[in-house]
1. Given the residues 344, 354, which is the only one that is under 30 Å from residue 435 (Cα atoms) and at pLDDT below 90?
2. Only one of 93, 100 is within 30 Å of residue 309 (Cβ to Cβ) and in contact with a Phe, Trp or Tyr (Cβ under 7 Å, 6 or more places away or on another chain); which?
3. In segment 334-387, which residues are small (Gly, Ala, Ser), part of a helix (DSSP H, G or I) and within 21 Å of residue 174 (Cβ to Cβ)?
4. Please find, within segment 38-96, the residue that is farthest from the chain's Cα centre (by Cα) out of those that are in a loop (DSSP other than H, G, I, E, B) and hydroxyl-bearing (Ser, Thr, Tyr).
5. Being out of contact with any strand residue (DSSP E or B) (no Cβ under 8 Å at 6 or more places or on another chain) and either buried (at least 16 other Cβ atoms within 10 Å of the Cβ) or modelled with pLDDT under 85 (or both) is the requirement here; does residue 94 meet it?
6. Return the pair list, or none, for Cβ contacts closer than 6 Å from residues in segment 220-236 that are more than 14 Å from residue 125 (Cα to Cα) and at pLDDT below 90 to residues that are surrounded by fewer than 17 Cβ atoms within 10 Å (Cβ to Cβ) and hydrophobic (A, V, I, L, M, F, W, C), at least 6 apart or on different chains.
7. Would you confirm whether or not segment 298-309 contains a residue that is in contact (Cβ under 8 Å) with a residue 60 or more places away in the chain, part of a helix (DSSP H, G or I), in the same structural domain as residue 89 (by TED's automatic domain parsing) and of a type outside the set (Val, Ile, Thr)?
8. Could you tell me which numbered condition residue 79 fails, if it satisfies all but one of (1) closer than 24 Å to residue 5 by Cβ; (2) crowded, with 16+ Cβ neighbours inside 10 Å?
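The values are calculated or read from the model by the stated rules, or taken from the named source; none is laboratory data. Please read all numbers here as calculations on a predicted model, not as lab measurements. Reconstructed Cβ throughout: ideal geometry from the backbone, glycine too, with neighbour counts over all protein chains shown.
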Amino acid sequence: MKLAWPSSGTLALSEDAAAYQLTADALAEAKIPSVTAARLAPLFDRGFTDKEFKSELAFLLTTDELERYQPKILVAAQPVDWLFLIGLAVFTVTVVGYTVLGGFLAAVWTDLFQSVMMLVGVLVLLGLALGAVGGMEQATLRAVKVTGPDFAFGPGFDPRHEGRQYLPLGLAFSFFWVWVYAGLGSPAGMVRVMAGKSTEVIRKSIFLLSGYNALIYLPLVIICVCGRALVPDLPPGKTDEIIPRLALETTAQLTGGSFVAGLILAAPFGAVMATVSSYLVVIASGLVRDVYQRFINPDAGTHDLRRLSYIAMVLVGAIAVVANIRPVAYLQAIVVFSGTGAAATFCVPALMLAFWRRATLPGMLSAMLCGTGTMVGLYVLGFLGYGSNVLIGPVTTFRPYFLLDVDPLLWGLAVSLAAGVSVSMCTSPPDKALVSRLFDAEPTPVS
């Protein structure tokens, strides 16, 4: 919404787009000492790009001042991004509003419509991007020209030319697991399965979804290669902007281009809205049903539970807004962490529950705890600097310890499976009548 705002100027990638603008009042509020503030007086009320501003700070300040005050100065010099805040507000009111009003049913139906819009938008953008760049061969050649040969050949892109292996063999192997199991283990994904009318519908949906995902993800790979060729100077940390930039730039000369751009922009919006609404339902029901009703007020009535669910959704939405007022760079790293963390926690217990008659409650709890502990442990090791000398994966400080160059998800799934199976075998089996009722077409009658 920020990029598409009329006459916003946010599409500029040149030095015209000011990332920082320093004022004396902003420095005073940041409690920068007067001596340091006086050195920065030549910068007041001028616009700077990120590189220009940091270069000026390094020139005007002493080494000690730069080390102590640069983070505060950078925060103080960032102008209020009203377009982003307006977009965030509109998005939040819309998604929280229809989820509060419609609950689970609203999340399911909007998910369906938005998925259709996403498919249409991706396929339209695929044709426009390939047409603008002159085909897939030209897209690859131009991307390699502006980025370097590592863009198209293993072990992957090394933006800082520091010997980084973006995609070594172990990490490439891990990618065949990451997104499959991240989707399977997502609580928001699991809750959507509850909308299935029968197991037959779910089986047919699996085949339909596999074709749908092929029509979404493979074109997006091609689109992003075209994006690297068409928008080669996208700043670090701004990679999330590539789809809206391509949508607006490839439709600028078309008749009715604004309408087509809006259709394309509905695609990423639809994906985000569907996920957020599902998580609102999952979190609210977890807080109200699994915490409030189970431990605080077991006799709560329907009216109270509904009212508390509304309050929980609004509060969760408000927390999300506060957390995103200053969005983080390289959001993808957090998306990967949350997705793989949920997968390592819930995948094995879900599969045990669905396919193994001998699975027990202690076994599934052990699988959840051990999967979570493994993931968190590897990320803590990464945060503490273990494996920092091995330059693999994306350039971000939020990174795990890649044990044997493999994504932590695989270790989490392995430990979760081992714990779930071993603890289930060492504990009393579940009630046979209950297992028969869940697994057999004709349950064994209780004697």
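1. Exactly one residue qualifies, and that residue is 354.
2. None of the other options fit; the residue is 100.
3. Once the filter is applied, which keeps residues that are small (Gly, Ala, Ser), part of a helix (DSSP H, G or I) and within 21 Å of residue 174 (Cβ to Cβ), segment 334-387 yields 338, 339, 341, 342, 343, 344, 350, 367, 371, 373, 377, 382.
4. The initial filter retains those residues of segment 38-96 that are in a loop (DSSP other than H, G, I, E, B), namely 40, 45-46, 49, 61-62, 78-81.
Among the residues that remain, those that are also hydroxyl-bearing (Ser, Thr, Tyr) are: 49, 62.
Details: 49: 27, 62: 39 Å.
For segment 38-96, the residue satisfying everything is 62.
5. No.
6. Pairs found: 232/146; 233/13.
7. yes
8. Condition not satisfied by residue 79: (2).
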